[in-house]
Every structure is written in C-alpha cells, then in structure tokens.
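Some notes on the structure that comes next.
The values are calculated or read from the model by the stated rules, or taken from the named source; none is laboratory data. Remember, predicted model here, so these are calculated numbers, not experimental data. Here Cβ is always computed from backbone atoms with ideal geometry, including for glycine, and neighbour counts include all displayed protein chains.
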Amino acid sequence: MTRIGVLVSGRGSNLAAILRACATGEVEGEVVIVASNKTCPALDIAREGAVPVVRVFSLTEHGDLPSRDRAMADALDAAEVDLVVCAGYDRVLDDGLVRRFEGRILNVHPSLLPEFGATMDAIGEALAAGVPRTGVTVHMIEPATVDAGTIVAQETVDILPGDTIESLAERIHAVEHRLLPATIQRWIESHPAVSPQANR
Ligand code: GRF
C-alpha cells in the first residue's frame with residue numbers, strides 16, 4: 001500500500017477527496033500523515049478521517065522556512081511516505097524539502113498552467129482576464145520552480161457567460177476532486193517500487 005503524506009493550508013476539500021478515494025480503493029494508498037503550516041479546517045478533516053499523524057509546523061515555532069520545512073520533511077520521512085501531495089498548501093516549499101522528495105511530490109493548481117501560475121488567486125485572475133477557459137493542473141513540484149514542474153494531468157473548464165468567482169470555483173473544485181485522486185492512482189501504478197514502503 002503506497003503511503004501518502006498530504007500538505008494542506010485551507011478548507012481541505014481535496015484532502016477529503018483523497019481520503020474518500022483511498023477508502024473506496026480508487027487510490028491504492030493510505031494517508032499516513034497530514035501536515036500544515038497553520039491551523040486550518042483541513043486538519044479537522046484529517047482527524048475525522050483517522051489519519052494517524054496530523055501536525056502543524058508553524059514559522060513561529062520553527063523560526064524560518066528552511067528549519068520549518070526540515071522539521072516537516074523529517075516528519076514525512078518518519079511516517080515513511082512514498083508520495084507527498086500538496087492539496088491546497090499555500091506556501092512555496094523550501095528547496096531542501098523538495099530535493100528530499102524529488103520525483104515524489106505532486107501539487108494541484110486551479111488553472112491551466114503555465115497560465116495563471118505563481119498566484120494564490122488563479123481563478124479570480126482567469127475570470128478578470130476574460131479568457132474563454134481555464135482549468136486544473138496536477139504537476140510535480142521540482143527544485144527552484146513555482147508552479148512550473150512537469151505537468152502530469154490537466155483538464156479544461158470553460159468559463160461561462162455570467163460566471164462569478166464562486167460559480168467558476170465550484171466547477172474547478174469538482175474537477176480537482178476527480179482529477180487529483182485519479183492522478184495519484186496513476187502515479188502509484190507507475191511507481192510500484194519507489195521505496196520499500198510501496199509494497200507493504
Ligand atoms: C484548490 O483550489 C487547489 O487547487 C489550490 O488551493 C485550493 C485548495 O482547496 N492549490 P481545498 O483546501 O482542497 O479545499
């Protein structure tokens with residue numbers, strides 16, 4: 001069973017979708033740790049889902065980004081994760097963490113990257129730009145890049161006349177909740193023995 005660590009900062013709807021997919025077997029993995037940079041509703045979803053390790057790694061506690069992300073990487077290693085998924089994690093990860101898990105970190109972003117990358121308001125910016133479509137991207141997180149790692153899945157969402165941020169966000173999130181678990185499963189199928197943990 002592939003061991004998955006999920007990094008979160010917000011509502012946790014993508015975490016909930018991953019937990020559901022693990023429960024149904026759509027994803028052949030288990031979420032063994034959920035880590036966050038701050039207190040957020042996603043942590044309650046992790047606890048309700050009986051995730052064994054749920055931890056906050058704040059800058060206040062750890063001092064600076066490299067120290068915080070080193071502590072978070074140590075916790076991911078201690079949980080023996082095979083794969084790390086950023087599901088609404090709202091900070092750029094320190095390169096030290098990214099290098100430790102290189103090739104094993106996925107991120108979901110609410111636009112058709114490279115359009116509307118490196119922003120926390122990709123949905124609002126797409127709407128304001130008047131483009132006919134936007135979408136969802138799942139990509140690898142790679143060192144020294146922000147929202148620019150190898151794209152592993154992408155799906156288009158049309159922007160409809162009269163769309164508001166809320167209506168567009170709802171359709172984008174619906175796509176994320178399907179595309180992210182499906183992409184995690186595809187990653188698992190193509191990495192059957194990435195570490196000794198993967199076959200447990
Ligand atoms: C999602 O739209 C994701 O693409 C972006 O942050 C949002 C997180 O939502 N990176 P949630 O916390 O999973 O509900």
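On inspection, Gly124 fails the criterion of being of a type outside the set (S, T, N, Q), in a strand (DSSP E or B) and modelled with pLDDT of 95 or more. All of Thr137, Thr183, Thr145 fail the test of being hydroxyl-bearing (Ser, Thr, Tyr), assigned to a loop (DSSP other than H, G, I, E, B) and surrounded by 15 or more Cβ atoms within 10 Å (Cβ to Cβ), apart from Thr145.
Is it the case that some residue within region 62-75 is over 22 Å from Ala174 (Cα atoms), among the polar types (S, T, N, Q) and at pLDDT 95 or above? Yes, that holds for at least one residue. Restricting region 153-162 to residues that are surrounded by fewer than 15 Cβ atoms within 10 Å (Cβ to Cβ) and in contact (Cβ under 8 Å) with a residue 12 or more places away in the chain leaves a set whose member that is nearest to the ligand (Cβ to nearest atom) is Thr156.
Counting residues in region 12-25 that are of a type in the set (D, E, K, R), within 30 Å of Arg171 (Cα to Cα) and touching an Asp or Glu at 6+ places or on another chain (Cβ under 6 Å) gives zero. Could we say that Thr2 is at pLDDT 95 or above, more than 17 Å from Val138 (Cβ to Cβ), more than 13 Å from the ligand (Cβ to nearest atom) and polar (S, T, N, Q) here? Criteria not met by Thr2. In region 171-190, the residues that are within 11 Å of the ligand (Cβ to nearest atom) form Cβ pairs under 7 Å with partners that are among the aliphatic types (A, V, I, L, M) and in a helix (DSSP H, G or I), at six or more places apart or across chains, as follows: Ile172/Ile123; His177/Ala17; Leu180/Ala17; Leu180/Ile18.
Only one residue in Leu112, Leu83, Leu59 is modelled with pLDDT of 95 or more and within 16 Å of the ligand (Cβ to nearest atom), so which one is that?
The conditions single out Leu112.
For region 18-34, indicate whether the set of residues that are at pLDDT 95 or above, within 16 Å of the ligand (Cβ to nearest atom) and assigned to a loop (DSSP other than H, G, I, E, B) is non-empty. Yes, that holds for at least one residue.
Those residues that are under 12 Å from the mean Cα position of the chain (by Cα) and surrounded by fewer than 21 Cβ atoms within 10 Å (Cβ to Cβ), I need them from region 10-32; list them, please.
Within region 10-32, Gly10, Ser13, Ala16 qualify.
Among the candidates Ala118, Ala144, Ala148, Ala128, the residue that is more than 14 Å from the ligand (Cβ to nearest atom), among the aliphatic types (A, V, I, L, M) and on the phi > 0 side of the Ramachandran plot is uniquely Ala144.
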